[in-house]
Each structure stands twice: as C-alpha cells, then as structure tokens.
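Asker: Dropping the structure in here first, questions after.
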Amino acid sequence: MKPTLLILAAGMGSRFGGLKQVEPVGPNGEAIIDYSIYDAIKAGFGKVVFIIRESFADAFKEKFDKKLQGKIQVEYVYQELDNLPKGFTLPEGREKPWGTAHAILVARDAVKEPFCALNADDFYGYNAYKVMADYLSESKKESEYSMVGYRLKNTLSDFGTVSRGICDVDGEKNLQKIVETTKILKKGKEIVSIEEGGIENQLTGNEIVSMNNWGFKPALFNILEEKFIDFLKTEIHKPKSEMYIPSVVFELIQEKKVEVQVLEANSPWFGVTYKEDKPFVVEKIRELINKGEYPEKLF
C-alpha cells in the first residue's frame, strides 16, 4: 500500500497577505505545492489529499486537477470552522481555523493508509519525501510515527518572526519532547524567541525543529477526535486558540502511546511566510533547476 500525502492548505496566509498556497514561484507558474507533489510521486506516494477551505476549491482544482490526472490520485477535503464534533457549535466571531490538528482530523474519511502530513507553503526537498515514504512503507505498528527534522538556523525568515516546534531527540533519534515556540526571529547575529511580556530567550540555531512534516498511521484519527473534543471544552470561546499537531504528538509521547522517529532528510528547506520571502524562494528553485534536480517544467 503506497502512503498518502496530506497537504495542509486551509490557512489564510495572514502574514503573507494572500492565498500563498498557490503563489507562483517556479519558471512556469509552479507553486511550492507543485514541487511537493512532484517529489512525492518520485518518492513513491500514491495519493495526494488537499486540506483546503471550500472557498479555495475552484482555484485549487483549476491549478492541479488537469496536470495531475493519471500521475497521482487526488482528493480534496474542506477544513471549515463549523466542522465540529457533535455537541459543539461555532462561536460568534470566530474567523481563524482551529489549527493543524483539526486540519488533519477533517481528512479522516479520505485517508485509510499511512500518511505524511505537511504544510502547503514549505519546500522540503526530495529526500524528505523519500525517507518518509520509506519509513511509512516499512513501519508496521500503528503507534510508530515519524518526523523530518531540520536545524532551526536553516528555517528562519529575514522579514519577521516564525513559529517552530523545538525538539529534544535522544541518541536513537527518537523524539522526546517538542515545544511549540511561536515568535522566533533573527536579531543581528543572534536568534531569539520572544515570550509574552517581551522576554527574550537566546537560541543556538542548531536546535532540531519540526517543520510540520509528519508521518502518521490511520489510528491517529480516533485519537485526534478525542483530543479535539477536550480542546474545545476549554478553548472554543477563545477566538485565536489553535490545536497544534506538535502539541498533540508531545502529549502522546508523554502518555507513552507512540514513538516518533526523527528522520534526517539532508534536503534544503525554505518557505514563504512573508511576501518578502518570495524572491529568495524563486532564486533557490532556479538554482535547483540549474543543478538538474528539477526539470524546467514539472508537469
């Protein structure tokens, strides 16, 4: 059974200022997602599932359906604010999606095989898909998860703060702890995280971070539903509260319900957080094309 690629693309791109999920960065109008799917097909994935808002559907289908036909199975699921468990109703004024854990949960009917869940606007590199596909194909236990890790210093933006899950990894490359850190930025030659009240913590840059490139098994969906219900009981009326998948994974590690293998991809990572990041991404993709790692036209 080939693994599935689950692409999280329902976010509004508030810092970017538009629908960055389909923003062209390649020489023929390709988005970062195009490179993700190209790499995934090459690595052995059999299906791609887009998690989007229904209002994005026409733009996505126009961009992807025709060119992916016959290359990989494609499905769409919609992460809507009112897609809540029984007994809960959408509070007035809520505009922000419920977070990455909720995004994965809404895909439960479309995914019955081991799957990789990742961000739409991050360029992970071919090796990230290869090591993940190999792991998902070889791992047999429902409690065995995986994550592709990157060095913090290679994942920052020159134009503002970023959110990263900072990881503790043991000698056998098992994830021990992950802390979602929401305001990390370059400050001169230093890298700092900023807590509430403006308190700064210095970081080395060599920390292993999660870029939301996760390998999961289908049994996760039942776990997510239970944890999302618990989350809503306390957080539903907070307009900006989100349920992050790294936080859920950390809880499961603490509860000794899962083991998470940290995979090393040795691939370049770059992403579009702010509009100012785009020229750098365009340049990096051009370099990879010039090296022969990608064709001039993907599909």
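Asker: At 1.4 Å probe size, with the rest of the protein present, what percent of the exposed accessible area of segment 1-127 is carbon and sulfur atoms?
Answerer: Using a 1.4 Å probe with all protein chains present, segment 1-127 comes out at 46 percent carbon and sulfur.
Asker: Nothing charged except the Cβ atoms of Lys and Arg (+1) and of Asp and Glu (-1): what's the magnitude of the dipole of segment 144-195 about its Cα centre? Round to the nearest 20 debye.
Answerer: Charge dipole of segment 144-195: 340 debye, to the nearest 20.
Asker: Roughly how big is the chain's charge dipole about its Cα centre, with Cβ charges of +1 (Lys, Arg) and -1 (Asp, Glu), in debye to the nearest 20?
Answerer: Here the size comes out at about 420 debye.
Asker: Count charges around residue 298 for me, please; just the other residues with Cβ under 13 Å from its Cβ, Lys/Arg as +1, Asp/Glu as -1.
Answerer: That works out to 0.
Asker: Could I ask something else about it? Rounded to the nearest 20 debye, what is the charge dipole size of segment 23-132 about its Cα centre when +1 sits on each Lys and Arg Cβ and -1 on each Asp and Glu Cβ?
Answerer: Around 420 debye, computed over segment 23-132.
Asker: Additional query: Could you compute how fast the chain diffuses translationally, taking Rh as the Kirkwood radius over C-alpha pairs and applying Stokes-Einstein at 10 °C with viscosity 1.306 mPa s? Give it in µm² per second.
Answerer: 81
Asker: Here's a follow-up. Please compute the net charge surrounding residue 152, taking Lys and Arg as +1 and Asp and Glu as -1 over other residues with Cβ under 11 Å from its Cβ.
Answerer: Once all neighbours under 11 Å are counted, the net charge is +3.
Asker: In nm, what is the difference between 0.36 nm times the number of residues separating residue 173 and residue 154 and their Cα-Cα distance?
Answerer: Between residue 173 and residue 154, full extension yields an extra 4.9 nm.
Asker: Another question about this same structure. Could you work out the local net charge near residue 236, counting Lys and Arg as +1, Asp and Glu as -1, over the other residues with Cβ closer than 13 Å to its Cβ?
Answerer: Here the charged neighbours net out to 0.
Asker: Ignoring ligands and nucleic acids, what accessible area does residue 167 show with a 1.4 Å probe (Å², nearest 10)?
Answerer: That residue has around 10 Å² of solvent-accessible surface.
Asker: Computing the accessible area with a 1.4 Å probe over protein heavy atoms, can you report the carbon and sulfur percentage for segment 227-299?
Answerer: 51
Asker: Over the chain, with the other protein chains present, what is the accessible area per residue in square angstrom, probe 1.4 angstrom?
Answerer: Solvent-accessible surface per residue comes out at 48 Å².
Asker: For a quick protection proxy, order the peptides 147-153, 137-143 by their average other-Cβ count within 10 Å, most packed first.
Answerer: 147-153, 137-143
Asker: When the helix-only estimate is applied to the chain (DSSP H runs of n ≥ 4, each -39,500 (n - 2.57), divided by the residue count), what is the mean residue ellipticity at 222 nm, nearest 500 deg cm²/dmol?
Answerer: -8500 deg cm²/dmol
Asker: While we're looking at this one, here's another question. Report the one residue of 84, 70, 50 whose Cα lies farthest in the direction of the positive end of the charge dipole of segment 50-104 (charges on C-beta: Lys and Arg +1, Asp and Glu -1; origin at the Cα centre).
Answerer: Going by the Cα projections, it comes out as 70.
Asker: Right, here's the next one. Looking at the chain, send over the antiparallel percent of its DSSP beta bridges, to the nearest 5.
Answerer: 60
Asker: Among 160, 272, 143, which residue has its Cα positioned farthest towards the positive end of the charge dipole of the chain, with +1 placed on the Cβ of Lys and Arg, -1 on the Cβ of Asp and Glu, and the dipole taken about the Cα centre?
Answerer: 272
The values are calculated or read from the model by the stated rules, or taken from the named source; none is laboratory data. The shown structure was predicted, so the numbers you read here are calculated from the model rather than taken from an experiment. In this analysis, Cβ positions are derived from the backbone assuming ideal geometry, glycine residues included, and neighbour counts consider all displayed protein chains. Only protein heavy atoms, including side chains, enter the accessible area calculation; ligands, DNA and RNA are left aside. Shrake-Rupley method; radii C 1.70, N 1.55, O 1.52, S 1.80 Å.
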